[in-house]
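First the structure, in the form of structure tokens, and then the observations on it.
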Amino acid sequence: MIVTHISTRVLRCRIISGDAKFAGSIVLIPRINMDVSEEDLPIPLRRRQFPVRLAFAMTINKSQGQSVKHVGLDLQSGVFSHGQLYVALSWCTSGDHIKVILDPENTSRKTANIVHQEILNGLQM
């Protein structure tokens, strides 16, 4: 979900992942009251806030089909499934905006793209 507009009472957001029938939909998220009434407090507390949590990361599988301006990949342990590296690299709109973290002991500055040849050999071309 990406926040597209912030007002004092409502966030307007666009859904970018999850169930395909909701992808691209605009949703409104209102501020809600959070009441705290613990026995050790002399007065009850009430906070008014948006029920959202900031996220800076997305799994490679969750990102499939997305287009983003900047991508950071943590490849210190490499990818673990067929085609994941291709998917991760292909959702950035510009190669200049891709940043990759590799294992510091990896002096070759390379990582493996896992390709299962048995999948490709079964394709009719």
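On the given criteria, is R31 modelled with pLDDT of 85 or more, within 14 Å of the chain's Cα centre (by Cα) and surrounded by 12 or more Cβ atoms within 10 Å (Cβ to Cβ)? No, not satisfied. What number of residues within region 45-68 satisfy the criterion of being modelled with pLDDT of 80 or more and either loosely packed, with under 10 Cβ neighbours inside 10 Å or not aromatic (F, W, Y) (or both)? Result for region 45-68: 8.
Answer yes if at least one residue in region 81-104 is assigned to a strand (DSSP E or B) and either of a type outside the set (A, V, I, L, M, F, W, C) or not assigned by TED's automatic domain parsing to the domain that holds I60 (or both), and no otherwise. Looking through region 81-104, at least one residue is assigned to a strand (DSSP E or B) and either of a type outside the set (A, V, I, L, M, F, W, C) or not assigned by TED's automatic domain parsing to the domain that holds I60 (or both).
The values are calculated or read from the model by the stated rules, or taken from the named source; none is laboratory data. The structure displayed is predicted, hence computed values, not measured ones. Note that we place each Cβ from the backbone using ideal geometry, even for glycine, and neighbour counts take in every protein chain shown.
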